[in-house]
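**Student:** This is the structure, below, for whatever I ask next.
The values are calculated or read from the model by the stated rules, or taken from the named source; none is laboratory data. Please read these numbers as outputs of a predicted model, since none were measured by experiment. Glycine gets a Cβ as well: all are built from the backbone with ideal geometry, and neighbour counts include every protein chain shown. Quick note on the areas: whole protein, heavy atoms, side chains included, nothing else; ligands and nucleic acids left out. Shrake-Rupley method; radii C 1.70, N 1.55, O 1.52, S 1.80 Å.
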Amino acid sequence: MTAAGERDVGSGEQDLSGVLSNYLQERLGSSGPVDIVNPERIAVGWSHETWLFEAVWADGVAEQRRDFCLRRDPGNALLRAESDLADQFRVLRCLESTDVPAPRAYWYEADPAVLGAPAIVMERVAGQCPSPWRRAGRDYYAAAAERGVLPVSFTEALAAVHNVDWRSAGLDFLGVPGERSDFALREIAKWEALIVDSGHPGHPILADLIGWLKHHAPPTERLTLVHGAYRTGNVLIHDDQVSAILDWELQVIGDPMYDVAYMLTELNREGTELLSNVVPRELFFDRYQQATGIKIDEEHCAYYQLLYAMRSAAFWMSAAGLYADGLNNDLRLARTHWSVTVALERAATELGY
């Protein structure tokens, strides 16, 4: 994971250190107590808590040290119903036998009494994760684009996701869409359900958008593993290489153009011509198509960009509702009430209003 972000220091660190020490002693085969060094909560991401720490223990022969990442589900975060840690753990385990750069997952605990909430303990991968929404992050990616290594690595990492033999890897547990337009219709239904659960009264433009999406749902030509949110900010970078793809919470078996559309959308490039702030368009098309053998269908991508507008509206309706209902006091969630309008304005423009 990443040391990027702000450190959240509080009394919870001491309590968590004791819990982790007890938990890891047996699992690491320690001959004595496991010391938890420098636990820090990283204030990035909206769906789960992320803690980084180092464990120090004796195995009967010598002192051992290892960096870990703890990901916990507080039960009141964004995408709480759509982002199951048990599924994330299983996906990460399935990816271990593939070329996809992803953290190695060690243990999953469903019982909140064990680690304070359902949780995954995984490796801490070297790298940083600059935010593409901040000036420092945009400057970082612009400089990396000039050096030329990261754009290639970023593209090849996505290609690795789409090249996974998902049946052999055991990823069919995610659900396999049927023929023709089933994948797109499944996604629409998923985000419609989130809108309903959010308690938001809805919006005429959103209703029009959903109707348009259902009527124009494209057939899926090829099924691959799809990350669902592949962009800068969701990958770790070390020495200008993608060291790990993070945030395995929206993954599906579906149309690879769903990920490609996310790369192409203006929402993920903050005014620059670089895709996801870091990849020249021509380089991405050439490298991706060569690495996967999949021809990029820009018409399908345009459709999925409108589906992303619907998904974004659903996200922000859910997020704002969490804050308004007093279930989560993260002020960032309150600000997303305005983001609903932004997503719908973009959709209205694309629909020709």
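**Student:** Could you report the accessible area of H203 in Å², rounded to 10, computed with a 1.4 Å probe on the protein chains as they sit in the structure?
**Tutor:** The accessible area of H203 comes to roughly 80 Å².
**Student:** Follow-up question, since we're still on this one. With Cβ to Cβ distances under 11 Å as the rule, what net charge do the other residues near D255 carry (K, R +1; D, E -1)?
**Tutor:** That works out to -3.
**Student:** Excluding ligands, DNA and RNA, what is the solvent-accessible area per residue of region 217-353 at a probe of 1.4 Å, expressed in Å²?
**Tutor:** So region 217-353 comes to 41 Å² accessible per residue, rounded to a whole number.
**Student:** P(r) for region 179-290: what percent of alpha-carbon pairs falls in each 5 Å bin, starting at zero?
**Tutor:** Whole-percent P(r) values from 0 Å outward: 2, 10, 15, 20, 20, 16, 10, 5, 2, 0.
**Student:** Let me ask you something else. Stretch T272-R335 to full length: gain in nm at 0.36 nm per residue minus the Cα-Cα span?
**Tutor:** 20.3 nm
**Student:** Using a probe of 1.4 angstrom, how much of the accessible area of region 300-353 is carbon and sulfur, in percent?
**Tutor:** With neighbouring chains kept in place, the figure for region 300-353 is 53 percent.
**Student:** Sorted by mean Cβ packing within 10 Å, highest first, what order do the peptides 150-157, 67-74, 129-136 take?
**Tutor:** Highest-to-lowest ranking by the protection proxy: 150-157, 67-74, 129-136.
**Student:** Further, regarding this structure: How far is helix 135-147 tilted off the main Cα axis of the chain, in degrees rounded to 10, range 0 to 90?
**Tutor:** 80
**Student:** Let me ask something additional. Using only Cα atoms, tell me the angle between helix 12-27 and the longest principal axis of the chain; keep it within 0 to 90° and round to the nearest 10.
**Tutor:** So the helix axis and the longest Cα principal axis differ by about 80 degrees.
**Student:** Sorted by average packing, counted as other Cβ atoms within 10 angstrom per residue and highest first, what order do 266-278, 168-180, 18-30 take? Don't jump to the answer; show the numbers that get you there.
**Tutor:** Numbers: 266-278: 18.5, 168-180: 13.8, 18-30: 15.8.
Per-residue Cβ counts within 10 Å, averaged per peptide and sorted highest first, yield 266-278, 18-30, 168-180.
**Student:** Now, a different point. Whole Å is fine, so just give me how far the alpha carbon centre of region 304-353 lies from that of region 56-73.
**Tutor:** When both Cα centres are located, 40 Å separates them.
**Student:** Translational D (Stokes-Einstein, µm²/s) of the chain at 10 °C and 1.306 mPa s when Rh comes from the Kirkwood sum over C-alpha pairs?
**Tutor:** Translational D for this selection: 74 µm²/s.
**Student:** Using only DSSP helix segments of four residues or longer, with each worth -39500 (n - 2.57), what per-residue ellipticity at 222 nm results for the chain after dividing by its residue count and rounding to 500?
**Tutor:** -14000 deg cm²/dmol
**Student:** Follow-up question, since we're still on this one. Of all the accessible heavy-atom surface of region 118-222, with the other protein chains kept in place and a 1.4 Å probe, what percent is carbon and sulfur?
**Tutor:** 50
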